Every structure is written in C-alpha cells, then in structure tokens.
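The values are calculated or read from the model by the stated rules, or taken from the named source; none is laboratory data. All values derive from a computational prediction rather than experimental measurement. Don't worry about glycine lacking a Cβ; one is built from the backbone with ideal geometry, like all the others, and counts go over all protein chains shown. Remember, those area values only see protein heavy atoms, side chains included, never the ligands or the DNA or RNA. Shrake-Rupley method; radii C 1.70, N 1.55, O 1.52, S 1.80 Å.
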Amino acid sequence: MPRSPAWTHDELLLACALVVENGWNELREGDLRVLDLSDLLRSLPIHQGAARTIPKFRSIGSVSRKTSDLASNHPAYVGTPTKGGRLDREMISAFIARPTEMLLAAAALRQGVGTGELYTIPPDPDELDEEGNSAVEGRLLARWALHRERNRGLRARKIAQATKLGRPLQCEVCDFDFGGAYRDLGVGYIEVHHRLPLHVSGLRETKLDDLAFLCANCHRMCHKSRAGESWRTPSALRTEMVKSASRPAPGREAPDA
C-alpha cells in the first residue's frame with residue numbers, strides 16, 4: 001500500500017495554527033478540531049488525489065500525531081519531543097517569531113478553500129523561489145496572489161486609472177520605466193502587485209489602490225522568501241534598496257575618504 005506523502009508547508013501551516021490556538025498543546029484524536037482539519041487536508045488541491053488512493057491519508061490519527069510533533073518540538077516544551085522534521089521546526093519558528101501574521105495566513109488559506117477559489121487556480125512556477133522552496137506561508141497562498149496579480153482586466157484598469165490621472169507607469173520601488181528603456185516596445189507595460197499579501201489584507205475584492213506598479217525584478221523581490229521573512233511590501237523593499245545602495249557591494253572595500 002502506498003505511503004502518505006510528506007506534509008507540505010500549506011498543511012503544516014493549518015496544523016500549527018490549531019496547536020497555537022490550543023496554547024501550544026497537542027490535540028487528541030477525539031477533538032472535533034482534529035476531525036475538521038483531517039477533512040480539510042484531504043480536500044486540499046495538492047498531492048494529486050492522494051485522498052482517493054490512500055485510505056489513511058491525513059487520517060484523524062495522523063493529524064493528531066502531527067500536532068504532537070509541533071507541540072513537543074516547541075523550545076519551551078518540557079519532556080521528550082517527538083522526532084518531527086525540518087519543516088516542522090521551520091513552521092514552529094515562524095509562528096514563534098510572527099504569530100499574528102502566521103495565524104492570518106492560516107485563516108486566509110481556510111477562506112480560500114471555503115470559497116472554492118483555490119481549486120480553480122492551476123500551479124504556477126513562480127510559486128517557488130530559485131532554490132525550489134515555497135514561502136513559509138505555503139504555495140497555495142502564493143498561487144492565489146500571483147493569479148490575482150496576473151488578472152489582465154485588473155491590471156488594465158490600474159494602468160487606465162494612472163493614465164487618466166497623469167501618473168507615470170514606472171516601478172514604485174526602483175523607478176524603472178519600461179517605455180523609457182525600451183521605447184515603443186515598453187510603452188504602457190508594467191506589472192502589478194498587492195501592497196499587502198492576501199493573508200494580511202484578508203479575502204476581499206481587490207481595489208485599484210491595493211495594487212502597486214512594479215518592474216519584473218522588484219516584483220520578484222517582493223515575493224522572494226528568505227530565513228525569517230517570506231514577503232515584503234513595495235515600500236519596505238524600496239527602503240531596503242536605498243540602504244543597500246549606501247553600502248559597498250559584497251567583496252568590495254568602501255573607498256577611502
């Protein structure tokens with residue numbers, strides 16, 4: 001009989017949120033929240049239909065055991081922790097460092113599943129960074145955000161609004177202007193990006209003021225994950241860019257005064 005696939009970031013996000021809401025304690029098999037999470041995990045649009053081919057996939061027992069892994073590997077846990085895994089520890093660290101943000105991410109994922117919107121969005125290669133890793137919030141939320149940002153109608157309305165108001169179509173982070181750089185080829189082109197991730201802004205209709213104009217490079221940097229940080233706003237990226245410009249490049253000495 002095939003074995004259940006390893007837990008993903010999306011699944012661990014939902015499980016760890018329950019553990020946190022339960023005071024960083026495990027949840028027993030008889031807990032109705034475990035049954036609810038088991039049903040939810042079996043319905044997620046990942047693992048290519050494992051729920052249909054593996055009877056014990058994300059069973060009540062396996063979900064309860066995963067909450068034990070997450071609870072017992074917390075640094076403050078008194079006793080012998082279960083084995084757990086690297087992703088378990090990463091998720092625990094993320095919830096310790098950013099509990100509000102992570103709980104909002106879990107809530108947004110539940111909302112996306114509840115509305116059915118996540119089931120209709122195909123996988124996107126840009127869900128992953130160049131090392132092939134998904135953000136700690138999970139690739140389903142990344143997929144959702146990218147899908148919305150690539151909505152041609154929304155982007156067209158944002159560009160039309162800027163043109164009507166006489167605003168330049170340039171990157172709000174680095175000021176790059178496609179028209180200025182590529183002339184006719186680049187005129188009217190720019191990418192759009194949510195100023196706040198979906199798990200922070202909540203599930204709602206996207207307004208034009210929720211979107212920022214970005215060049216392709218800055219768009220990717222807003223989505224890029226790194227240790228302890230899995231997204232950044234355009235304004236935060238601009239601040240980081242200004243700071244970086246004042247520091248010497250790696251491997252180079254600052255010029256003598």
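State whether the residues of the stretch 74-97 include one that is hydroxyl-bearing (Ser, Thr, Tyr) and under 28 Å from Arg150 (Cα atoms).
The initial filter retains those residues of the stretch 74-97 that are hydroxyl-bearing (Ser, Thr, Tyr), namely 77, 80, 82, 93.
Narrowing the set further to residues that are under 28 Å from Arg150 (Cα atoms) leaves none.
No, every residue in the stretch 74-97 fails to be hydroxyl-bearing (Ser, Thr, Tyr) and under 28 Å from Arg150 (Cα atoms).
Evaluate the stretch 8-20: report whether one residue or more is open to solvent by 10 Å² or more (accessible area, probe 1.4 Å), charged (D, E, K, R) and under 23 Å from the mean Cα position of the chain (by Cα). No, the stretch 8-20 contains no residue that is open to solvent by 10 Å² or more (accessible area, probe 1.4 Å), charged (D, E, K, R) and under 23 Å from the mean Cα position of the chain (by Cα). Among residues of the stretch 158-208 being of a type in the set (D, E, K, R), within 27 Å of the chain's Cα centre (by Cα) and surrounded by 15 or more Cβ atoms within 10 Å (Cβ to Cβ), the one that is farthest from Trp144 (Cα to Cα) is Glu172. When Asp69 is tested against the conditions (1) out of contact with any Leu (no Cβ under 7 Å at 6 or more places or on another chain); (2) modelled with pLDDT under 85; (3) under 21 Å from Asp39 (Cα atoms), the lone failure is (2).
One line per residue, one yes/no per condition, for (1) of a type in the set (Gly, Ala, Ser); (2) touching a helix residue (DSSP H, G or I) at 6+ places or on another chain (Cβ under 9 Å); (3) part of a loop (DSSP other than H, G, I, E, B); (4) in contact (Cβ under 8 Å) with a residue 60 or more places away in the chain:
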{"position": "Pro2", "(1), (2), (3), (4)": "no, yes, yes, no"}
{"position": "Leu14", "(1), (2), (3), (4)": "no, yes, no, yes"}
{"position": "Ala17", "(1), (2), (3), (4)": "yes, yes, no, yes"}
{"position": "Asn25", "(1), (2), (3), (4)": "no, yes, yes, no"}
{"position": "Arg28", "(1), (2), (3), (4)": "no, yes, yes, no"}
{"position": "Leu37", "(1), (2), (3), (4)": "no, yes, no, no"}
{"position": "Pro45", "(1), (2), (3), (4)": "no, yes, yes, yes"}
{"position": "Lys56", "(1), (2), (3), (4)": "no, yes, yes, no"}
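When restricted to residues that are touching a residue at least 12 places away in the same chain (Cβ under 8 Å) and either closer than 24 Å to Thr239 by Cβ or not hydrophobic (A, V, I, L, M, F, W, C) (or both), the stretch 157-183 contains 12.
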